[in-house]
1. Look at TRP143 and say whether it is within 12 Å of the chain's Cα centre (by Cα), modelled with pLDDT of 90 or more and closer than 30 Å to ALA88 by Cα.
2. What number of residues within region 77-93 satisfy the criterion of being touching a helix residue (DSSP H, G or I) at 6+ places or on another chain (Cβ under 9 Å) and surrounded by fewer than 16 Cβ atoms within 10 Å (Cβ to Cβ)?
3. Which of (1) surrounded by 20 or more Cβ atoms within 10 Å (Cβ to Cβ); (2) more than 30 Å from PRO185 (Cβ to Cβ) does GLU124 not meet, given it meets every other one?
4. Starting from residues that are among the aliphatic types (A, V, I, L, M) and either closer than 17 Å to LEU67 by Cα or in contact with a strand residue (DSSP E or B) (Cβ under 8 Å, 6 or more places away or on another chain) (or both), keep the ones in region 141-170 and report whichever is surrounded by the fewest Cβ atoms within 10 Å (Cβ to Cβ).
5. If I filter region 10-40 down to residues being free of Cβ contacts under 8 Å to residues at least 40 places away in the same chain and polar (S, T, N, Q), which single residue comes out as farthest from TYR54 (Cα to Cα)?
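The values are calculated or read from the model by the stated rules, or taken from the named source; none is laboratory data. Everything numeric here is computed off the predicted structure, so don't read it as measured data. Reconstructed Cβ throughout: ideal geometry from the backbone, glycine too, with neighbour counts over all protein chains shown.
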Amino acid sequence: MPRKDRRETVCDGSIHHITQRGLDRSQVFKVDEDYLSLKAMIRRYLERVKVRIYNYCIMPNHLHLLLFTETASGLSRFMQAVSLSYSAYYRKRYKYAGYLWQGRFKSVHIDNDSYLLECARYIERNPLRTKRRMVDDLSQYRWSSYNFYANGQTDDIITVNPLYNNLGQTAQDRRVKYKEYIMTPRPYEKILDDVFKI
(Lines give C-alpha, C1' and ligand atoms only; values in the text may rest on other atoms or scores of the structure.)
Protein backbone atom coordinates (compact mmCIF):
# COMPACT_ATOMS: atom_id res chain seq x y z
CA MET A 1 0.00 0.00 0.00
CA PRO A 2 1.55 3.32 -1.00
CA ARG A 3 2.21 5.77 1.81
CA LYS A 4 0.05 8.86 2.07
CA ASP A 5 1.54 11.96 0.50
CA ARG A 6 2.50 14.23 3.40
CA ARG A 7 1.80 17.29 1.24
CA GLU A 8 -1.94 16.60 1.60
CA THR A 9 -1.87 17.83 5.22
CA VAL A 10 1.09 20.22 5.22
CA CYS A 11 0.36 23.76 4.17
CA ASP A 12 1.76 27.19 4.96
CA GLY A 13 1.10 28.12 8.57
CA SER A 14 0.20 24.62 9.79
CA ILE A 15 0.73 22.89 13.15
CA HIS A 16 1.87 19.27 13.47
CA HIS A 17 2.55 16.66 16.13
CA ILE A 18 5.75 14.94 15.02
CA THR A 19 7.14 11.66 16.30
CA GLN A 20 10.46 10.09 15.35
CA ARG A 21 11.47 6.71 16.76
CA GLY A 22 14.75 4.83 16.93
CA LEU A 23 15.09 1.76 14.71
CA ASP A 24 13.37 -1.22 16.40
CA ARG A 25 12.68 1.10 19.35
CA SER A 26 16.38 1.18 20.16
CA GLN A 27 17.81 3.82 22.48
CA VAL A 28 19.08 6.78 20.47
CA PHE A 29 19.62 9.17 23.39
CA LYS A 30 21.90 7.66 26.02
CA VAL A 31 23.65 10.43 27.91
CA ASP A 32 23.03 14.12 28.60
CA GLU A 33 25.32 15.15 25.75
CA ASP A 34 23.03 13.33 23.28
CA TYR A 35 19.96 15.27 24.40
CA LEU A 36 21.87 18.55 24.45
CA SER A 37 23.26 17.88 20.97
CA LEU A 38 19.78 17.25 19.56
CA LYS A 39 18.50 20.47 21.14
CA ALA A 40 21.43 22.39 19.63
CA MET A 41 20.58 20.96 16.21
CA ILE A 42 16.93 21.89 16.61
CA ARG A 43 17.96 25.42 17.62
CA ARG A 44 20.25 25.70 14.58
CA TYR A 45 17.51 24.86 12.08
CA LEU A 46 14.52 26.64 13.66
CA GLU A 47 15.25 30.03 12.16
CA ARG A 48 16.72 28.74 8.91
CA VAL A 49 13.59 26.77 8.07
CA LYS A 50 10.99 29.06 9.74
CA VAL A 51 9.67 26.50 12.23
CA ARG A 52 8.52 27.13 15.82
CA ILE A 53 8.49 24.49 18.56
CA TYR A 54 5.56 24.83 20.97
CA ASN A 55 6.09 21.65 23.00
CA TYR A 56 8.51 18.72 22.94
CA CYS A 57 9.64 15.63 24.79
CA ILE A 58 12.84 13.73 24.02
CA MET A 59 12.67 10.18 25.32
CA PRO A 60 15.52 7.63 25.24
CA ASN A 61 14.16 5.88 22.12
CA HIS A 62 11.92 8.50 20.47
CA LEU A 63 10.98 12.16 20.37
CA HIS A 64 7.82 14.25 20.11
CA LEU A 65 7.57 17.77 18.73
CA LEU A 66 4.52 20.00 18.51
CA LEU A 67 5.54 22.54 15.92
CA PHE A 68 4.33 25.29 13.64
CA THR A 69 5.77 25.60 10.14
CA GLU A 70 5.52 28.89 8.25
CA THR A 71 5.87 27.16 4.88
CA ALA A 72 4.58 23.82 3.60
CA SER A 73 8.09 22.69 2.67
CA GLY A 74 9.51 23.72 6.05
CA LEU A 75 8.31 20.65 7.94
CA SER A 76 10.15 18.07 5.84
CA ARG A 77 13.21 20.28 5.45
CA PHE A 78 13.43 20.83 9.22
CA MET A 79 12.94 17.18 10.15
CA GLN A 80 15.36 15.98 7.48
CA ALA A 81 18.05 18.44 8.63
CA VAL A 82 17.65 17.54 12.32
CA SER A 83 17.41 13.76 11.70
CA LEU A 84 20.44 13.65 9.41
CA SER A 85 22.53 15.88 11.70
CA TYR A 86 21.73 13.78 14.75
CA SER A 87 22.39 10.53 12.85
CA ALA A 88 25.83 11.80 11.85
CA TYR A 89 26.56 12.83 15.44
CA TYR A 90 25.39 9.44 16.80
CA ARG A 91 27.41 7.42 14.26
CA LYS A 92 30.57 9.33 15.09
CA ARG A 93 30.10 9.25 18.88
CA TYR A 94 29.11 5.58 19.14
CA LYS A 95 31.00 4.17 16.10
CA TYR A 96 27.62 3.09 14.78
CA ALA A 97 26.86 1.91 11.23
CA GLY A 98 23.40 1.54 9.73
CA TYR A 99 20.06 3.24 10.08
CA LEU A 100 19.30 5.12 13.29
CA TRP A 101 15.62 5.98 12.77
CA GLN A 102 12.60 3.76 12.15
CA GLY A 103 11.72 5.12 8.73
CA ARG A 104 10.60 8.68 8.17
CA PHE A 105 8.99 10.73 10.91
CA LYS A 106 5.25 10.54 11.61
CA SER A 107 3.16 13.67 11.41
CA VAL A 108 -0.36 14.42 12.63
CA HIS A 109 -1.85 17.69 11.42
CA ILE A 110 -3.42 19.70 14.27
CA ASP A 111 -6.20 21.67 12.61
CA ASN A 112 -8.31 22.53 15.64
CA ASP A 113 -7.35 24.82 18.54
CA SER A 114 -9.05 22.50 21.03
CA TYR A 115 -6.40 19.84 20.25
CA LEU A 116 -3.44 22.14 20.70
CA LEU A 117 -3.14 21.95 24.49
CA GLU A 118 -4.36 18.34 24.50
CA CYS A 119 -1.48 17.41 22.22
CA ALA A 120 0.95 19.32 24.47
CA ARG A 121 -0.43 17.42 27.47
CA TYR A 122 -0.01 14.06 25.72
CA ILE A 123 3.57 14.91 24.69
CA GLU A 124 4.74 16.13 28.09
CA ARG A 125 3.22 13.19 30.01
CA ASN A 126 5.47 10.72 28.15
CA PRO A 127 7.92 10.18 31.04
CA LEU A 128 4.98 9.11 33.24
CA ARG A 129 3.64 6.60 30.73
CA THR A 130 6.61 4.40 29.90
CA LYS A 131 6.57 0.76 30.99
CA ARG A 132 9.13 1.59 33.62
CA ARG A 133 7.91 5.00 34.71
CA MET A 134 10.89 7.35 34.34
CA VAL A 135 9.84 9.93 36.94
CA ASP A 136 7.12 10.45 39.55
CA ASP A 137 7.11 14.22 39.06
CA LEU A 138 7.40 15.71 35.56
CA SER A 139 9.56 18.51 36.98
CA GLN A 140 12.30 15.88 37.41
CA TYR A 141 12.44 15.18 33.67
CA ARG A 142 14.86 17.57 31.97
CA TRP A 143 14.20 16.78 28.33
CA SER A 144 10.77 18.25 27.71
CA SER A 145 9.04 21.61 27.57
CA TYR A 146 7.15 20.90 30.81
CA ASN A 147 9.47 22.95 33.06
CA PHE A 148 9.25 25.92 30.70
CA TYR A 149 5.48 26.10 31.09
CA ALA A 150 4.94 24.71 34.60
CA ASN A 151 7.96 26.19 36.39
CA GLY A 152 9.04 29.19 34.31
CA GLN A 153 12.46 27.76 33.36
CA THR A 154 14.16 29.14 30.26
CA ASP A 155 14.24 26.96 27.16
CA ASP A 156 15.70 28.51 24.04
CA ILE A 157 13.99 26.21 21.54
CA ILE A 158 10.44 27.05 22.72
CA THR A 159 7.96 29.53 21.29
CA VAL A 160 5.01 29.85 23.68
CA ASN A 161 2.05 27.63 22.78
CA PRO A 162 -0.64 30.06 21.51
CA LEU A 163 -3.22 28.76 24.01
CA TYR A 164 -0.96 28.86 27.08
CA ASN A 165 -1.58 32.54 27.87
CA ASN A 166 -5.34 31.89 28.00
CA LEU A 167 -4.87 29.78 31.13
CA GLY A 168 -4.60 32.75 33.50
CA GLN A 169 -4.03 36.46 34.01
CA THR A 170 -0.61 36.14 35.70
CA ALA A 171 2.43 33.94 35.07
CA GLN A 172 1.92 32.21 38.43
CA ASP A 173 -1.75 31.52 37.71
CA ARG A 174 -0.90 30.08 34.28
CA ARG A 175 1.76 27.80 35.78
CA VAL A 176 -0.61 26.44 38.44
CA LYS A 177 -3.39 25.80 35.91
CA TYR A 178 -0.97 24.26 33.44
CA LYS A 179 0.30 21.80 36.06
CA GLU A 180 -3.26 20.81 36.92
CA TYR A 181 -4.14 20.40 33.25
CA ILE A 182 -1.07 18.31 32.40
CA MET A 183 -1.42 16.05 35.44
CA THR A 184 -5.00 15.04 34.61
CA PRO A 185 -4.81 11.61 32.92
CA ARG A 186 -6.91 10.87 29.83
CA PRO A 187 -8.23 7.42 28.85
CA TYR A 188 -7.08 7.77 25.22
CA GLU A 189 -3.33 8.00 26.00
CA LYS A 190 -2.76 4.24 25.58
CA ILE A 191 -4.59 4.32 22.24
CA LEU A 192 -2.33 7.12 20.99
CA ASP A 193 0.78 5.27 22.19
CA ASP A 194 -0.36 2.31 20.08
CA VAL A 195 -1.00 4.53 17.05
CA PHE A 196 2.47 6.06 17.30
CA LYS A 197 3.94 2.62 18.16
CA ILE A 198 5.83 4.13 21.10
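1. Numbers: within 12 Å of the chain's Cα centre (by Cα): yes; modelled with pLDDT of 90 or more: yes; closer than 30 Å to ALA88 by Cα: yes.
So TRP143 fits the description; yes.
2. 1
3. Just one mismatch for GLU124, condition (2).
4. Going residue by residue through region 141-170, those that are among the aliphatic types (A, V, I, L, M) are 150, 157-158, 160, 163, 167.
Next cut, either closer than 17 Å to LEU67 by Cα or in contact with a strand residue (DSSP E or B) (Cβ under 8 Å, 6 or more places away or on another chain) (or both) only: 157-158, 160, 163.
On the way: ILE157: 17, ILE158: 16, VAL160: 13, LEU163: 15.
Among those residues, the one meeting the criterion is VAL160.
5. Out of the qualifying residues, it is SER26.
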